Amino acid sequence: MNKKFIITDPVGLHARPATLLVNQAVKYVSESKILVENKEANLKSIMGVMSLALANGQIFEIEVKGVDAEEAIKGLEEVITRSDIGEVK
C-alpha cells in the first residue's frame with residue numbers, strides 16, 4: 001500500500017516531525033519505507049529518515065507492506081497532516 005505526500009513544513013522534515021513519523025511507524029507490525037526520488041529509508045529508523053534530508057516542496061511516498069498496512073498508512077497520514085509536516089499529494 002502506497003501513498004504520496006508533499007512536504008509543507010518551511011524547514012522540511014527536521015528532527016521533531018521525523019521522530020513523530022518513526023514513533024508512529026513502530027506501532028505497527030508492517031514494514032514501512034519512505035521513498036523519495038531514487039532513495040529510500042526504513043520508516044522505523046530515525047537515522048534513515050533523517051538521511052533523506054527532505055526539503056519543503058519535496059514529494060515523497062510512503063510504502064507499507066504487511067498485515068496491518070491499511071491501519072499503518074492511515075496512522076502515518078494522520079501524523080503527517082496533523083503535525084503540518086505535509087499533505088496528501
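Observations, loosely collected:
- Candidates VAL64, VAL29, VAL79: whichever shows maximal mean-square fluctuation once the chain is modelled as a Gaussian network with Cα springs under 10 Å: VAL29
- Structure-based [θ]222 nm, the chain - -39500 (n - 2.57) summed over DSSP H runs of at least 4, per residue, nearest 500: -10500 deg cm²/dmol
- In sequence order, calculated HN-Hα J values of segment 80-89 (Karplus, 6.51, -1.76, 1.60; Hz; x Gly/Pro): 4, 7, 5, 8, 6, 6, x, 9, 5, 8
- What you get for the chain, charging only the Cβ of Lys and Arg (+1) and of Asp and Glu (-1), is a dipole of about 140 debye around the Cα centre.
- Listed values [x] 11.3, 35; [y] 13.0, 42; [z] 11.6, 31 include one computed from this model; for Rg and Dmax of the Cα atoms in Å that value carries the label [x].
- ³J(HN,Hα) computed for each position of segment 16-30 - Karplus, 6.51 cos²θ - 1.76 cosθ + 1.60, integer Hz, glycine/proline x: 4, x, 5, 5, 4, 5, 4, 4, 6, 4, 6, 6, 10, 6, 4
- Extreme residue, positive dipole direction of segment 2-88, given options VAL88, GLY48, ASN2 (C-beta unit charges): GLY48
- Cβ-based exposure ranking for ASP68, ASP9, ASP84, in which fewest neighbours within 10 Å come first: ASP84, ASP68, ASP9
Where a number appears in this text, it was derived from the coordinates with a stated rule and is not lab data. Remember, it's a predicted structure, so these values are computed and weren't measured experimentally. Heads up, the Cβs are rebuilt from the backbone with ideal geometry, glycines too, and the neighbour counts pull from every protein chain shown.
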